[in-house]
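K.L.:
Dropping the structure in here first, questions after.
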Amino acid sequence: MAVTTSQQITRYYSQFETIEVTFTREVIQALSMNAKQVFLKCLGNQWPCIIYSSSMSGAKVITTLQPSLKGALAKSKNVLSLRFSFIQHDKADPLAFFVGAKVAGISPYGDPAKGLSFLNLVFTQRPPDDLIERLGDILAAGINSKKRRDERIIMSPDTQKKLGIDGKGTRILVDSVPRKGLLRDISFGGAKLIMPGVPQFLVNRSARLSMSFEDPRETISIDGKVIRFESVEGRNDIAAFAIEFNEESVPIGYKMRLSEYLRGVKPAPAPSKKDNG
C-alpha cells in the first residue's frame, strides 16, 4: 500500500484542516479507534469521553460534566488535553497521543436527566501527524470515490497484493444464491467478475460482493445489481458480469483502501458510458 510522506501530511493539513469528520460506528471501525482508551485530561486527572467529531483544528466530545471536571476547568482556565487511541494491528500496544485544547463552549447533550454535556474543543497546537493522516485518509477517500468513481483497477497478482485482497475470499451472491466468480476489476462504483450462468437470468438481479482483505483482516460486503454482461471469447459456459454498487452500501473502509492504492496512480481517461459500472 502507499506510504504517507511528510509532503502528503502537509497537503492533508492544508486542504482539510477545518473539515470535521463525524465519528460514526463505521468511521471508528475504519480508523481502528480504541474508543475505550479515549479521555479528557486536566490538571493531572482524567475523565472518560466520547469523540463525536474531529477536525485537524478541534473536536467535539460528549462527557459527564462532573463537579471535579468543572472545578479543574475553572482552575485551568478551560485548558485541557484530549487523548486519542488507535489499535495497531501489527503491534501489541495501541498508538496513543494527547492533543492540547481549550474548551470553547459547553452545552447540554440529550436527556438532561443523564447529565451529559457537549464540549466544543479548539486545539491549541497542530495535532500529531498520525491524526492528520487518519482524518486526511478518510476525507480524501470521500473525494476520490466521487472524482474517480468509474476508474477501474484491473486485478493481477501484484494488484491484489498491494490492495491486500485475499483472492480466495471473494464471494458473490446473485439473488441471494452463492456463485463462484473470478474478480476481474474493481472501482469505487462497481466490479466485474467472470462467472458461470445464463446472462439473461442474471442481468438486472440484485447482487452482493464480499471481499476478504488482510492487514487488517476484514471482510467487506457491498450490495449492488448486475447491470450487463460481456461474452468471453471461446467460452459458452461463462461470461463477464458487471456489477454496479449501491452507493450508500459502499463502506468507508473499502473507499479508503482504493483511495490509498490510487494515490500513486495517475487518473485514467474517463470511460465511455458503455463501460460505466
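No lab work stands behind these numbers, since they all come straight from the coordinates. No experiment lies behind these values; they were computed from the predicted model shown. Every residue, glycine among them, receives a Cβ derived from its backbone with ideal geometry; neighbour counts consider all protein chains shown.
K.L.:
How large is ³J(HN,Hα) for each residue in segment 77-94, as worked out from phi by the Karplus curve 6.51 cos²θ - 1.76 cosθ + 1.60 (θ = phi - 60°), to whole Hz, x for Gly and Pro?
P.N.:
Result, rounded to whole Hz: 6, 6, 8, 8, 10, 10, 9, 9, 8, 10, 6, 10, 5, 9, 9, 6, 8, x.
K.L.:
Still on this structure, I have one more. Mind giving me the nanometre distance, one decimal, between the label points for residue 263 and residue 210, set 7 Å out from Cα along Cα→Cβ?
P.N.:
3.0
K.L.:
Let me ask another. Can you tell me the length gained on complete extension of the stretch residue 125 to residue 93, counting 0.36 nm per residue apart and subtracting the Cα distance?
P.N.:
Length gained between residue 125 and residue 93: 9.0 nm.
K.L.:
Further, regarding this structure: Report relative contact order for segment 150-275 in percent, whole number only (criteria: Cα-Cα under 8 Å, sequence separation at least 6).
P.N.:
After rounding, I find 24 percent.
K.L.:
If I stretch the segment between residue 77 and residue 143 completely, what's the gain in nm (0.36 nm per residue apart, minus their alpha carbon distance), one decimal?
P.N.:
Stretched fully, the residue 77-residue 143 segment lengthens by 19.9 nm.
K.L.:
Can you pull the one-decimal nm distance between simple spin-label points at residue 85 and residue 133, each 7 Å off the Cα toward Cβ?
P.N.:
Once both label points are built, they end up 2.0 nm from each other.
K.L.:
What would the Debye formula give as log10 I(q)/I(0) at q = 0.09, 0.11, 0.16, 0.21 Å⁻¹ for the alpha-carbon point model of segment 119-259, no solvent?
P.N.:
Evaluating at q = 0.09, 0.11, 0.16, 0.21 Å⁻¹ gives log10 I(q)/I(0) of -0.32, -0.46, -0.85, -1.33.
K.L.:
Fewest Cβ neighbours within 10 Å first, please rank 79, 265, 61, 99 accordingly.
P.N.:
265, 79, 99, 61
K.L.:
Rounded to the nearest 0.05, what FRET efficiency is calculated for residue 36 and residue 182 with R0 set to 35 Å and r the Cβ-Cβ distance?
P.N.:
0.30
K.L.:
Follow-up question, since we're still on this one. Only counting other Cβ atoms within 10 Å, I'd like 257, 184 sorted with the fewest neighbours first.
P.N.:
Ordered from fewest to most neighbouring Cβ atoms within 10 Å, 257, 184 come out as 184, 257.
K.L.:
In what sequence do 123, 201 fall when counting other Cβ within 10 Å, fewest first?
P.N.:
Starting with the residue having the fewest Cβ neighbours, the order is 201, 123.
K.L.:
Out of all Cα-Cα pairs in the chain, roughly what percent, to the nearest whole number, are more than 27 Å apart?
P.N.:
Above the 27 Å cut-off, the chain has 49 percent of its Cα pairs.
K.L.:
Straight-line reach from residue 77: which lysines have Cα under 20 Å away, leaving out those fewer than 8 places along the same chain?
P.N.:
Counting by Cα, and skipping residues close in sequence, residue 77 has these lysines nearby: 41, 60, 102.
K.L.:
A further question follows. Would you mind giving the three semi-axes, in whole Å and largest first, of the ellipsoid equivalent to segment 1-75 according to its Cα gyration tensor?
P.N.:
That gives 29, 15, 12 Å for the three semi-axes.
K.L.:
Can you find, among 204, 190, 165, the residue sitting farthest towards the positive end of the charge dipole of segment 161-205, where Lys and Arg contribute +1 and Asp and Glu -1 at Cβ?
P.N.:
Of the candidates, 165 comes out farthest on the positive side.
K.L.:
Post the alpha-carbon centroid distance, segment 1-61 to segment 136-177, in whole angstrom.
P.N.:
25
K.L.:
If I model a spin label at residue 154 and residue 7 as a point 7 Å from the Cα along the Cα→Cβ vector, what separation in nanometres do I get?
P.N.:
2.7
K.L.:
Compute the length gained on full extension between residue 50 and residue 113: take 0.36 nm times their separation in residues and subtract their Cα-Cα distance, giving the result in nm to one decimal.
P.N.:
That pair, residue 50 and residue 113, stretches by 20.9 nm at full extension.
K.L.:
Taking a cut-off of 17 Å between Cα atoms, list the aspartates and glutamates near residue 168, but don't count ones fewer than 8 places away on the same chain.
P.N.:
158, 185, 214, 215, 218
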